[in-house]
1. Against the conditions (1) under 19 Å from the mean Cα position of the chain (by Cα); (2) outside any helix (DSSP H, G or I), where does Gly298 fall short? Just the number, please.
2. When you scan the stretch 175-193, do you find a residue that is at pLDDT 90 or above and farther than 30 Å from Leu244 by Cα, even just one?
3. In the stretch 313-333, is there at least one residue being surrounded by 24 or more Cβ atoms within 10 Å (Cβ to Cβ) and in a loop (DSSP other than H, G, I, E, B)?
4. Could you check the stretch 1-100 for helices (runs of 4 or more DSSP H) lying wholly inside it with 1 or more residues that are buried (at least 20 other Cβ atoms within 10 Å of the Cβ) and of a type in the set (Val, Ile, Thr)?
5. Go through the residues of the stretch 186-209 one by one and say whether even a single one is among the charged types (D, E, K, R), under 12 Å from Ile259 (Cβ atoms) and in contact (Cβ under 8 Å) with a residue 40 or more places away in the chain.
6. Can you say whether Leu160 is open to solvent by 10 Å² or more (accessible area, probe 1.4 Å), in contact with a strand residue (DSSP E or B) (Cβ under 7 Å, 6 or more places away or on another chain), of a type outside the set (Gly, Ala, Ser) and part of a strand (DSSP E or B), as far as the supplied structure shows?
7. Can you name every residue in the stretch 198-215 that is outside any helix (DSSP H, G or I) and in contact with a helix residue (DSSP H, G or I) (Cβ under 7 Å, 6 or more places away or on another chain)?
8. Just to be sure I understand the filter: pairs with C-beta atoms under 8 Å, separated by 6 or more residues or on different chains, first member in the stretch 152-171 and at pLDDT below 90, second member in a strand (DSSP E or B) and open to solvent by 10 Å² or more (accessible area, probe 1.4 Å). Which pairs pass?
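The values are calculated or read from the model by the stated rules, or taken from the named source; none is laboratory data. The structure presented is a predicted model; accordingly, all values stated were derived computationally and were not measured. Please note: Cβ atoms are built from the backbone with ideal geometry, for glycine as well, and neighbour counts cover all protein chains shown. Please note that ligands, DNA and RNA were not included when accessible areas were found on the heavy atoms of the full protein model with its side chains. Shrake-Rupley method; radii C 1.70, N 1.55, O 1.52, S 1.80 Å.
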Amino acid sequence: MLLIRTDANADASIGVGHVMRCAAVAEQAINAGERVLFLVSTEESAVIVESFGFPCEMVGGDPHLFMRVDAINLARVARDEDASAILIDSYAVTNGFFDELANLLAARDTKVAYIDDAFTFKEGFTSHPAPIQADVVINYGFAFTEAQYRNAYEGLSTMLCIGPKYAPVRASFGQARSDDHVRDDVETILVTCGYANPDGILEKLAECCLQAHETARVRVVLGGDAPFSLGSFGAQVAGRVHLLRNAQNMPELMRSADIALSASGLTLYELACMGVPTVALPTAENQAGHALGFQDLGLGPHVPLDRPFDFDGITASLRELASSASLRTRFSHAEQRAVDGWGGKRIFQCITGGIN
């Protein structure tokens, strides 16, 4: 059995992306005949996990801070279920948690894998990787290479799964991708920057899209309760803005988009897998590396993590993409080379002892 320890909540203090990327690995485990069980702290997390169709068990604790007692509870379930591996995806981890878990599992052949989404681990965000007690460490960020991690883990037996080829996008995105995504004309711009809409940011981003192309439709993905005022647009352009609340068909929405403006979490990797020319917008500090790495690898433009955002710069980047089919084609092909849709399978193979 593969145990997956993660959490998520509706207020986005713990993003649903944690569950989404674990789901990509869980899909591969199930396809290989492995049983999967998610372990979460709260009922809210359980509801989200179960909405993805996976079995779930609550083990309690604070989803924002994993302590030694959380390691004890996790090790107990691993023993009871005879788990072969544990995948942990949370910013709540601490050195005490990992130390205790390693001690409790020392006599068992249960691998521990950690998604190092914070880029660098040492009780939070740091400027350089620091080793943790795990058998497998995964960082699929555009900005990172195995060489950086090899220095931190020199002399240790930790398996390193570093770089965007390990991006855990769900199978539905890999199945929907096309090698020839780019069309000559831009008809649709997709805006997907989180389900919430703090400070009316989505209206401002939609306006950037409207200014970047005078005829394109603008599709805005947002949560069911998030406010959005179409009245903020003039009557002539409001009809070009379409709201997509609680969208369930993201692969199809991405496939129909000619350009995207996206937050720089897991969605950016899904868009790359689909080959959608994208402007990467970091909406939180932990997304800044994803966005910058996206640009540095030649996959598309990014917007610096500034507050307020440079809306003129966003409009200019969108306009440049919209005006050049050759540029969109170059970015599309580069994205699909970087994220091929098999990251979840590679992670599962590493966890279970296979090599890449």
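1. Gly298 satisfies every listed condition except (1).
2. Scanning the stretch 175-193, I find no residue that is at pLDDT 90 or above and farther than 30 Å from Leu244 by Cα, so the answer is no.
3. Within the stretch 313-333, none of the residues are surrounded by 24 or more Cβ atoms within 10 Å (Cβ to Cβ) and in a loop (DSSP other than H, G, I, E, B).
4. Working: elements: 17-31, 43-51, 68-80.
In the stretch 1-100, the matching helices (runs of 4 or more DSSP H) lie at 17-31, 43-51.
5. To start, the set of residues in the stretch 186-209 that are among the charged types (D, E, K, R) comprises 187, 199, 203-204, 207.
Then keep just the ones that are under 12 Å from Ile259 (Cβ atoms); that gives 187.
If we keep only those that are in contact (Cβ under 8 Å) with a residue 40 or more places away in the chain as well, we get 187.
Taking every residue of the stretch 186-209 in turn, at least one turns out to be among the charged types (D, E, K, R), under 12 Å from Ile259 (Cβ atoms) and in contact (Cβ under 8 Å) with a residue 40 or more places away in the chain.
6. Details: open to solvent by 10 Å² or more (accessible area, probe 1.4 Å): yes; in contact with a strand residue (DSSP E or B) (Cβ under 7 Å, 6 or more places away or on another chain): yes; of a type outside the set (Gly, Ala, Ser): yes; part of a strand (DSSP E or B): yes.
So Leu160 passes the test.
7. Here is the first cut: in the stretch 198-215, the ones outside any helix (DSSP H, G or I) are 213-215.
Result: His213, single match.
8. Sorted first by the residue in the stretch 152-171, then by its partner, the pairs are Tyr153/Leu160.
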